[in-house]
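Computed from the coordinates by the stated procedures, all read-outs in this text should not be read as laboratory data. These numbers were taken from a predicted model, which means no experiment stands behind them. Glycine gets a Cβ as well: all are built from the backbone with ideal geometry, and neighbour counts include every protein chain shown.
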Amino acid sequence: MLVAALRPPVERSVLVSKIDEEVELTNGRNGRDAPRIYKLGVNEYQDGTIDPHGYTYLERFALDGDIACFTYKLSEHITLDKRIWMEYGQNTTYVQYTLRPILNEDTVGTQFIAPSVTLHLLPFCLSRDHHSFTRGSVDWQFQVLGLPGRGKAPALVPENEGNGFLIRAYDGAPAYQLIAGPSASFSLTGWWYWHVLHRREAERGLPGVEDVYQPGIFHLPLAAGTPVTLVLSAEEAHFDDFGGPKHEEVVAQAYKRHQRRVKQLLDIADRSTTNLRRKDPVFARLAIAADQFIVTRPEAPASTHPATSLRGHDVGKPYDSQSANELRPTPRVRQTTRNVSRPYELTPNRKTIIAGYPWFTDWGRDSMISLPGLLLCTGRYSEARGLLKAFASYTYQGLIPNRFPDSGEAPEYNTADATLWMFHALDAYTNTTHDWSLVKELYSTLNDIIAWHVRGTLYGIGMDPADGLLHAGAPGIQLTWMDAKVDDWVVTPRRGKAVEINALWYCALYYMESWAKRLSYDALEYGQLLTQVREHFARRFWYEEGGYLYDVVDVEGIAGQNDASLRPNQLFAASLTPHLLTEEQMRSMLSHVTDQLLTPMGLRTLSPQDPAYQRRFNGKGVERDGAYHQGTVWPWLIGPYVDVHLRLYNDCLALLPLLYPLVRHLWDDCVGSICEVAEPEPPFAPAGCFAQAWSVAELLRAWLAVAG
């Protein structure tokens, strides 16, 4: 209900996990009948008890834009509507309730006798990191304080006094506010709810039971058609805005502000260069979903050199490439590595992309893969420009960050592909906006990146002068998007020359040659490298016996030792460029991928015919991570699949049915978003993060390509 990013966009803390509602109805004719209580909450406990059973009253759930709307049927004559939304850019949640009479043939023409209705709100409070859990104690009581800023300092609240409070779990814990309108009253309780079960965590082998604290109960009288709102906030600015006579008026302004912003997002997308319009509900739903992942990372001092994120790792040795003498890091890169004590943060006017909710922070790879769908397809060009500049400014020895840790330390650089995906994202940006000034602005950095890759950089990432292909790998380090690791076990190490890394490498060289010519720079060396990679790619990667591409060649640095695992990574050799494979090779490869990897929810990560294939994505962490890229389905891979299919057949009608299951998924499970992964076998149940950036991005991009 209120999960606050205390150092946006990281340090997410669960402050209010939920609110249980109880509606008390007293007969409106004489008030003599015993009141009836409708308990709308649902709680599951460790021993299997479910209490109360509020789901029996839930008649309808829907999204109004991105606002969650619940309708509870309390009787034949009354419903209760609940709306939940958040203030953009703030740790503030609004929970609004409206009592509504049911008008039908039986009630039309009759006098509606309104009962006396009181809404009781029971907040379940916590104060913990979103990865952890809470154990309560009879000796631990949360602090319930009166709000400051109205001529008084925070103070303990007497019984039944006030309608707005500061909640603090303990001295030094973050404080947050619960504020209702002036008609509300409050009863202190100080109850612990023991052994509340979190079923999904338990299934994942994590601590699945915790205790939650209820500081008290809000009591709000309800009148038909008149909304009442509880505001939950970790923002100090709201002390004076809410709780007074204009409480609901201020909330109404917040609601209008939110609706205006959603309309603005859709208007911007509508005016973009895409050829679909807002009238398409799928496009509108995906454009709204995209906004969930686009965040700002404000300035915050970093205490460590970026290289400290490499401590404890064997970063490997750069390739000893004599041919790299022609392309060397420029003085700008050397200057950057000398001045690494500067704060490593994105400036407030630059955006980053959260990889997925509820677990992930912002990752370089995910940001670059997601940028075309989330930002370009929705017309958010200035944010795309800022994101590219921001990540380019973090370049360290030719690499952009793999991820920004949740606790805010220096970024980590263990990635062989994120930097190359940045070239692809920049190409997509320039093709969409024709803003070549950004290429000119970043050209020196881009040139340095190529130079570092040619001569060799961290984690054994470097070019083999014999064939121009990129090799990557260091013991115990995961470097590609197939990055599952359990303790010291890298599940899919893929050390050697990985197929998608080299497709991206070819594209980066292709873009650089084109950009150099456009800017009247010397493009000769890029052209020479490009030719070398093109001549060797199919020769090295084509698996003639299988009719598809090797996943990795020269495994573990051993020449001629190739991995013939049938994986979706080979799609990028045809989706990113038409220059690496013949049409016959593309058709053969796509046929194998279709037959063995395609599912209604995306693509499997490994052929079911492979002995290492895992049929289920379940169990504890080690079992799940062991299956993460060993068969588990990833929805985002539908993007490159569609690209290759269109390149070969240009048949949109054949592709539309392949997208429908993912489109339907927008309206179930985590309504309004697309999951991270799915089970590899029927019924292909969604799993992993319930909302994943590149899943939304690639479905959005594919939908525009096919349905447009």
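Leu126's amide H: which non-local residues (gap 5+, or another chain) put their own amide H closer than 5 Å, with H modeled 1.01 Å from N in plane and none for Pro or chain starts? Under 5 Å from the amide H of Leu126: Val16, Ser17. First check a/c for region 30-75, with a ≥ b ≥ c the square roots of the eigenvalues of its C-alpha gyration tensor; if it is under 1.5, answer rounded, and if not, answer prolate when a/b is larger than b/c or oblate otherwise. Note, shape of region 30-75 comes out oblate. Each peptide in 183-190, 622-629, 446-453 gets a packing score, the mean of other Cβ atoms within 10 Å over its residues, and the list from highest to lowest is 446-453, 622-629, 183-190. A simple spin-label model places pseudo-atoms 7 Å from Cα toward Cβ; at Val138 and Tyr649 they are separated by 6.9 nm. For region 510-524, the Karplus equation 6.51 cos²θ - 1.76 cosθ + 1.60, evaluated at θ = phi - 60°, returns couplings of 4, 4, 5, 4, 5, 5, 4, 5, 4, 8, 6, 9, 6, 9, 4 Hz by residue, with Gly and Pro reported as x. Straight-line cross-link reach from Lys39 at under 23 Å between alpha-carbon atoms covers these lysines, not counting any fewer than eight positions away in the same chain: Lys18, Lys73, Lys82. Using the rule -39500 (n - 2.57) for each DSSP H run of four or more residues, divided by the residues of the chain, the 222 nm mean residue ellipticity is -9500 deg cm²/dmol. Shape class for region 581-708: oblate, because the ratio a/c of the largest to smallest gyration tensor axis (alpha-carbon atoms, square roots of eigenvalues) is 1.5 or more and b/c is at least a/b. Note that region 544-554 has calculated 3J(HN,Hα) couplings of 4, 5, x, x, 8, 9, 4, 7, 9, 10, 6 Hz, one per residue in order, obtained from phi through the Karplus relation 6.51 cos²θ - 1.76 cosθ + 1.60 (θ = phi - 60°); glycine and proline are x. Once backbone amide H atoms are built at 1.01 Å from N, Arg12 has Leu6, His130 as its partners under 5 Å, excluding neighbours fewer than 5 places away on the same chain.
For region 381-392, backbone phi angles converted through the Karplus equation (6.51, -1.76, 1.60; θ = phi - 60°) give residue-by-residue couplings of 6, 5, 5, 5, 4, x, 5, 5, 5, 5, 5, 4 Hz, Gly and Pro being listed as x.
Listed by chain and number, the aspartates and glutamates placed with their C-alpha closer than 15 angstrom to that of Lys246 amount to none; residues fewer than eight positions away on the same chain are left out. Note on region 384-527: lysine pairs with Cα distance below 30 Å, sequence gap of 8 or more or different chains, count 6.
In this structure the amide hydrogen of Thr79, modeled in the peptide plane, comes within under 5 Å of the amide hydrogens of Leu74, Arg100, Ile102, none closer than 5 places in sequence on its chain. Taking 0.36 nm per residue of separation and subtracting the Cα-Cα distance, full extension of the segment from Glu203 to Glu441 would add 80.8 nm. Residue ranges 694-707, 640-653 sort as 694-707, 640-653 when ordered by packing (mean number of other C-beta atoms within 10 Å per residue, highest first).
The packing ranking of peptides 526-534, 12-20, 419-427, highest mean first, is 419-427, 12-20, 526-534, where packing means the average number of other beta carbon atoms within 10 angstrom of each residue.
In terms of its C-alpha gyration tensor, region 376-468 comes out oblate, because a/c is 1.5 or above while a/b does not outweigh b/c.
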